[in-house]
Amino acid sequence: METAAIVKREPRTYLNVDHTLKGWLLTEDHKRIGILYLIVITIFFAIGGLFAALIRIELATPAGDLVESGVYNRLFTGHGIIMVFFFLIPSIPASIGNFLIPLMIGAKDVAFPKLNLLSWYLYVIGGSMALTAIIYGGIDTGWTFYVPFSTGYASGMVMLTLVGIFINGFSSILTGLNFMVTIHRMRAPGMTWFRLPLFIWSLYSTSLIQVLATPVVAVTLLLAALERGLHIGIFDPTLGGDPVLFQHLFWFYSHPAVYIMILPAMGVTSEIISTFSKKEPFGYSFIALSSLAIAVFGFIVWGHHLFVSSQSVYAGMVFSVLSYLVAIPSAIKVFNWVSTMHKGSVQLTTPMLYGIGFIGLFTIGGLTGLFLASMGMDVHLTDTYFVVAHFHYIMVGGAIMGFMGGLHFWWPKITGKLYAENWAKLSAVIIFLGFNLTFFPQFILGYMGMPRRYHVYAPEFQVYNVLSSAGASILGLGYAIPLTYFLWSLFFGKQAPANPWGATGLEWQIQSPPIPENFEITPVITEASYKYSHEEAAHVG
Amino acid sequence: MASHSVTLRHHFETSEQQKDASTIGMWMFLVTEIMFFGGLFMAYIAYRGAYPDAFAAGSQKLNIVYGTINTAVLICSSLTMAMAVHSAALGKKNLIILFLILTLMLGGVFLGIKAVEYHDKYVGHEIPGANFHPELDNKNVSVNNVSLYFALYFGMTGLHALHMIVGVGLLLFLIFKTAKGAYTAHWHTPIELFGLYWHFVDIVWIFLFPLLYLIDLHPGK
Amino acid sequence: MSNHPDHIVPVRVYILVFLALLVGTGLTVFAATIDLGRFNIVLALFIACIKAALVVLFFMHVYYSSRLTKAIVISGLCTLLILFFFTLTDLLTRGAVQGSTDWVGVPGR
């Protein structure tokens, strides 16, 4: 036996155990599937961002000088479809969630690994169909596909897009189903529900929505596709069909869908705030149950998207009141996050910057949602830039910040590499500033009355549009920097320890990156989660 | 029984955990199917409420005998499927195959009658679209509204029939696997899960039948 | 919580449910021939719900299943009812501001 030269062998990880393409494309390992999702999600984000860039360049001037209206319609439609269906809905759950759920609950994999892989393929196939339609000129229906325009009058490959979204919907459904069964039945011994990390609670709630709501939009889009292709007239007003019925069925999913987009980011925030305050989450059970409450309440408010659609005023009142109620569990979370930080040992690491940014921006987004929940105000604000600003604060200021925070938090665990912290902090600040410059002026524009989905506007709106477009370029730069240092870290980054942040949770007890089976032996949990000792709280970093 | 049998997948600790996970997974899938059909039922509620006479007129064109027979056929097939699962739990391979084949045949009968009905609709110009001009007893209803009824008729029974066809395909697969000895009294989860699917498809029909076929059997009141 | 022990449902139960389903079907068709006005649909759906419940509870074994299984079924039904109920708050009240008519439903009626 060789004793003179001791060769430093690389430890066995889920990454180096198989270097073949087949090992990736036919993997059943949830960690690899998470990475496959992450790659495709990033590609779609870039494409959706490209559409956004073109939109903002056009809107820098009041005249329609970059593109004509038909093309502009295709730009915001493409932006919406890609960002909603192919970026935001899968983002955190399919990438970070896939990677972390088994680790956090002490399992070897998700309940149905083959189904998990199928979900990824459905996502790729559906996304490719939509992308094909876009490459062949795009569609101009808006991401909301309102009838009868989308079924009877829109140009472009509407049916192909609808089928692509339909197939992608099944990816979402199967992922949600997989996650719920996993969380119910594959927790390690001793991992009771109230010992679960808050990220798991948020993903469970997200999965609940995915399973219950997505099928409705699936059948609705199927009907719209049939109507467009076969002219069977299910929503056609000339036959007595009801276009508002389409809106009811569409938004029955699409409102809960926004909670699919935000709940995982809230879960990430809970983990980050707790870790970097070195303190257990304040009001753990309130945060946990508020995720479920948001999921449930989210199902009964969709009519606030139909206030001016000719929906009855009575129904509008019902939906308005309920929409106010759904803000309550979100507010509970915000109070609890802030209380967690209070008297905690706060470290402003990159994930924490995103976490704190999330709290502030989500609060603004959420509060402006209340303006829109009020029917009287919504009549004036609907279809203006106020709405656009509102949902971008939630989806970009909220969901994407959560996604970035999660990526930065768990990157060492996923890749076994450390990224450059200084560049990371810098880009977090750039993103925060760029984001606010892009979208805050849009609140003012909406208040002043600038309508959305228009590529020309009155000259008095130009100042704010220029600010917004300038902000967008800064935001774009902000997103480009992490892409660079993350890739750089894969090749040149320092090796990450098992627990670089001093966090609690099962995923931090194992090596970075994990072995394929996650745990050498099944862990047994004997105490509550988030147990930070006083020594840990005092020791920074 | 041994927890390291060949049917236990590596990420599960015990066979019980695996079976339980598969069962609730199947139930969650059926819940998605409830919501999937649910969208169509919502459209049905909306349009039948708005156009009751047109729906009655459209329903008149359906053959109640075929519909009732088909309902009975599916109920019988649910019994044979339940018996197939029962036989699987007892490990009786030949009985499993018998009941699966019976289920398959009954499913075939259902689809056959459905095909006849669809053909009749085609001949009677009752398929919505360019050639839609059904012969209605009630001349006071709008043909356009009646086409909404038929759009839902074809949408709902068509989606149901699609599920039946998938079911028939899966039955063939299960019969084949059973014959090869894949299932034991200890492990026959695919048969149980398929049973859940088949019963669900039966339940959808239990609702479709009265809603589509039995709207108003006494016109001109 | 682990799953429930395997329970083999006696064949007798299956036969009884089967017969009940056939009787229910016959009843439904028979009742449809009698003019009960608006009550026809109520009765037909009531019988259908009973039939569906029998299939779910006994053919699909939910009667013998874990609490989680029952919760999954119930949450599916509740979500469906939410879809129906809240959409109906719109469909049923479209004429409400000017004065209700029977079922306004869709514009142009």
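Derivation of every value follows stated rules applied to the coordinates shown; laboratory data play no part. Everything quoted here is computed from the prediction, not taken from an experiment. A quick note on method: Cβ atoms are made from the backbone with ideal geometry, for glycine too, and the neighbour counts reach across all protein chains shown.
Side notes on the structure shown:
- Prolate/oblate/rounded label for the range A:118-194 (Cα gyration tensor, a/c 1.5): prolate
- Label separation (A:LEU292 vs A:LEU426): 4.7 nm, computed from points 7 Å beyond Cα along the C-beta direction.
- Computed FRET value (nearest 0.05) for B:VAL65 with C:LEU43, which takes r as the C-beta separation and R₀ as 22 Å: 0.55
- Averaged over the residues of peptide B:189-199, the number of Cβ atoms from other protein chains lying within 10 Å of each residue's Cβ is 2.
- Size estimate for the range C:9-65 follows the Kirkwood approach: the inverse of mean 1/r over distinct Cα pairs works out to 12.1 Å.
- For A:454-467, mean number of other protein chain Cβ atoms within 10 Å: 0
- What the Cβ-Cβ distance of B:GLU13 and A:SER128 gives, at R0 = 25 Å and to the nearest 0.05, is a FRET efficiency of 0.10.
- Average other protein chain Cβ within 10 Å of Cβ, residues B:208-215: 5
- Three-way shape call for the protein assembly as shown based on the alpha-carbon gyration tensor, with the a/c threshold at 1.5: oblate
- For the listed peptides A:410-416, A:386-392, a ranking on the average number of other beta carbons within 10 Å per residue, highest first, reads A:410-416, A:386-392.
- Label-reachable residues, the range A:275-299, where backbone N falls under 17 Å from a point 7 Å from A:LYS343's Cα toward its Cβ: A:277-284
- Angle between chain A longest axis and helix A:462-492 axis [Cα atoms, degrees, rounded to 10]: 30 degrees
- Considering helices alone, the calculated mean residue ellipticity of chain A at 222 nm is -21000 deg cm²/dmol, with DSSP H runs of length four and up weighted by -39500 (n - 2.57) and normalised per residue.
- Amide hydrogen proximity for A:LYS417: with H placed 1.01 Å from N in the peptide plane, the residues at 5 or more positions away or on another chain lying under 5 Å are A:ALA496.
- Annotation: the residues A:GLU460, A:GLU507, sorted from fewest to most other C-beta atoms within 10 Å of their own C-beta, follow the order A:GLU460, A:GLU507.
- Dipole-positive endmost among A:HIS408, A:GLY369, A:PHE44 within the protein assembly as shown (Cβ charges, Cα centre): A:HIS408
- Dipole of chain A [Lys/Arg +1, Asp/Glu -1 at C-beta], most positive-end residue of A:SER469, A:HIS30, A:GLY303: A:HIS30
- Here the contact order of the range A:367-489, divided by its residue count and restricted to Cα pairs under 8 Å and six or more residues apart, works out to 35 percent.
- Sorted fewest first by neighbouring Cβ atoms within 10 angstrom, B:SER22, A:SER339 come out as A:SER339, B:SER22.
- Projected label distance in nm at A:LEU26 and A:ARG9, using a 7 Å step from Cα toward the beta-carbon: 2.7 nm
- Dipole of the protein assembly as shown [Lys/Arg +1, Asp/Glu -1 at C-beta], most positive-end residue of A:ALA428, A:VAL326, A:VAL216: A:ALA428
- Relative contact order of the range A:31-538, defined on C-alpha pairs under 8 angstrom at six or more residues apart (%): 18 percent
- Per-residue 3J(HN,Hα) values for the range A:342-358, derived from phi via the Karplus relation 6.51 cos²θ - 1.76 cosθ + 1.60 with θ = phi - 60°, read 4, 6, x, 9, 7, 10, 8, 6, 4, x, 5, 4, 5, x, 5, x, 4 Hz in sequence order (x marks Gly and Pro).
- Remark: relative contact order (the range A:1-105) = 38 percent; criterion is Cα-Cα distance under 8 angstrom and separation of 6 or more residues.
- A:THR384 long-range amide H proximity, modeled H, under 5 Å: A:ARG452
- From phi via Karplus (6.51, -1.76, 1.60), per-residue ³J(HN,Hα) for the range C:38-51 in Hz, x at Gly/Pro: 6, 6, 3, 5, 4, 5, 4, 5, 4, 4, 4, 5, 4, 4
- In a simple Cβ point-charge model (Lys, Arg +1; Asp, Glu -1; nothing else charged), the range A:1-134 has a dipole of about 360 debye relative to its Cα centre.
- Distance in nm between pseudo-label sites at B:ILE101 and A:TYR324 (7 Å out along the Cβ direction from Cα): 6.8 nm
- Given charges at beta-carbon only (K, R positive; D, E negative), |dipole| of the range B:22-213 in Debye: 520 debye
- Put in line by how crowded their Cβ is, counting other Cβ atoms within 10 Å and starting with the fewest, B:HIS163, A:HIS380 read A:HIS380, B:HIS163.
- On the beta carbon distance between C:ARG12 and C:LEU81, with R0 = 45 Å, the FRET formula returns roughly 0.85.
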